[in-house]
Amino acid sequence: SQQGEEDPQALSIQEGENATMNCSYKTSINNLQWYRQNSGRGLVHLILIRSNEREKHSGRLRVTLDTSKKSSSLLITASRAADTASYFCATVVRIFVMRFGAGTRLTVKP
Amino acid sequence: DVKVTQSSRYLVKRTGEKVFLECVQDMDHENMFWYRQDPGLGLRLIYFSYDVKMKEKGDIPEGYSVSREKKERFSLILESASTNQTSMYLCASSGRTVQNYGYTFGSGTRLTVV
């Protein structure tokens, strides 16, 4: 089963709008990470939030974490066409090993 | 610029062939990983290695083997390729502190078995 599960599976918005993606997970975590994947390429690490943090910002990215609900959200503000990609959350499930969800496919229309 | 390099972007192989997918990292990372990615299934871990000559099975090791003779290189081997192994294969590496820095991924190899 997926440790991280993203919601929605696909999201389509206009340039300039905000995009919000959610992630739920099953077990306790030390941190949760978000990755981005452009079409046909590898994943790129975006941001990490630790279990004792509730919110973190990096440029136009804002990540929240609610450990009581075992959920996280990634907000991209003022989206651009170049933000079109798939976004994955990931958690460490055992030492060294991370498990990824199926991802949210974001399309930003110019 | 640090990187993980996968030897091929695209590969087409025939059923029954022995296939080698190569991955090299230049970050002196201890840990290396092979995932496969299929639509709707996300990334699934095939094998990983936490040191030279050390390997552990992931979630879907059947039909695959790996080799790590040098720290920087981690090879995925399909002993006898089958059509259900057609997929995107992603290599990743991390230092011991995966909790702090996460993974660095290669660009992926899209393998088609015909």
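The values are calculated or read from the model by the stated rules, or taken from the named source; none is laboratory data. Keep in mind the model is a prediction, meaning the values are calculated, not measured. We place every Cβ from the backbone using ideal geometry, glycine too, and count neighbours over all the protein chains shown.
General remarks:
- At least 3 residues being buried (at least 19 other Cβ atoms within 10 Å of the Cβ) is the threshold, and among the strands (runs of 3 or more DSSP E) wholly inside the range B:1-77 those reaching it are B:19-25, B:31-38, B:42-51, B:64-70.
Per-residue answers, yes or no, for (1) buried (at least 18 other Cβ atoms within 10 Å of the Cβ); (2) hydroxyl-bearing (Ser, Thr, Tyr):
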| residue | (1), (2) |
| --- | --- |
| A:Arg41 | no, no |
| A:Ser72 | yes, yes |
| A:Phe88 | yes, no |
| A:Arg94 | no, no |
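- A search for C-beta distances below 7 Å between a residue of the range B:47-61 that is in contact (Cβ under 8 Å) with a residue 24 or more places away in the chain and any residue that is β-branched (Val, Ile, Thr), counting only pairs 6+ apart in sequence or on different chains, returns B:Tyr47/B:Val66; B:Ser49/B:Val66; B:Gly58/B:Ile46; B:Ile60/B:Ile46.
- Criterion (part of a strand (DSSP E or B) and among the charged types (D, E, K, R)) met by exactly one of A:Arg41, A:Arg62: A:Arg62
- Number of positions in the range A:18-39 that are surrounded by 13 or more Cβ atoms within 10 Å (Cβ to Cβ) and modelled with pLDDT of 90 or more: 14
- Residue check: A:Ser79 meets all listed conditions (1) surrounded by 18 or more Cβ atoms within 10 Å (Cβ to Cβ); (2) in a strand (DSSP E or B); (3) out of contact with any Phe, Trp or Tyr (no Cβ under 9 Å at 6 or more places or on another chain) but one, namely (2).
Residues are listed down the side, and each one gets a yes or a no for (1) within 30 Å of B:Asp51 (Cα to Cα); (2) of a type in the set (Lys, Arg):
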| position | (1), (2) |
| --- | --- |
| A:His45 | yes, no |
| A:Arg50 | yes, yes |
| A:Leu61 | no, no |
| A:Thr67 | no, no |
| A:Ser71 | no, no |
| A:Phe88 | yes, no |
| A:Ile95 | yes, no |
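- Test result for A:Ala82, under 25 Å from B:Arg110 (Cα atoms), more than 14 Å from every other protein chain (Cβ to nearest Cβ) and of a type outside the set (Val, Ile, Thr): yes
- If you go through the range A:6-47 and pick out every residue that is polar (S, T, N, Q), closer than 18 Å to B:Leu41 by Cβ and in contact (Cβ under 8 Å) with a residue 60 or more places away in the chain, you end up with 2.
- Considering residues of the range B:18-61 that are farther than 17 Å from A:Thr91 by Cα and facing chain A (nearest Cβ under 8 Å) only, the residue farthest from the chain's Cα centre (by Cα): B:Gly40
- Candidates A:Arg99, A:Arg105: the one that is among the charged types (D, E, K, R) and modelled with pLDDT under 90 is A:Arg99.
- Being within 11 Å of another protein chain (Cβ to nearest Cβ), touching a strand residue (DSSP E or B) at 6+ places or on another chain (Cβ under 9 Å) and either on the phi < 0 side of the Ramachandran plot or not acidic (Asp, Glu) (or both) is a condition met by at least one residue of the range B:69-89.
- Applying the criterion of being among the β-branched types (Val, Ile, Thr) and touching a residue at least 24 places away in the same chain (Cβ under 8 Å) to the residues of the range A:48-70, the residue that is surrounded by the fewest Cβ atoms within 10 Å (Cβ to Cβ) is A:Thr67.
- Scanning the range A:11-43 for residues being of a type outside the set (Ser, Thr, Tyr) and within 13 Å of another protein chain (Cβ to nearest Cβ) gives a total of 14.
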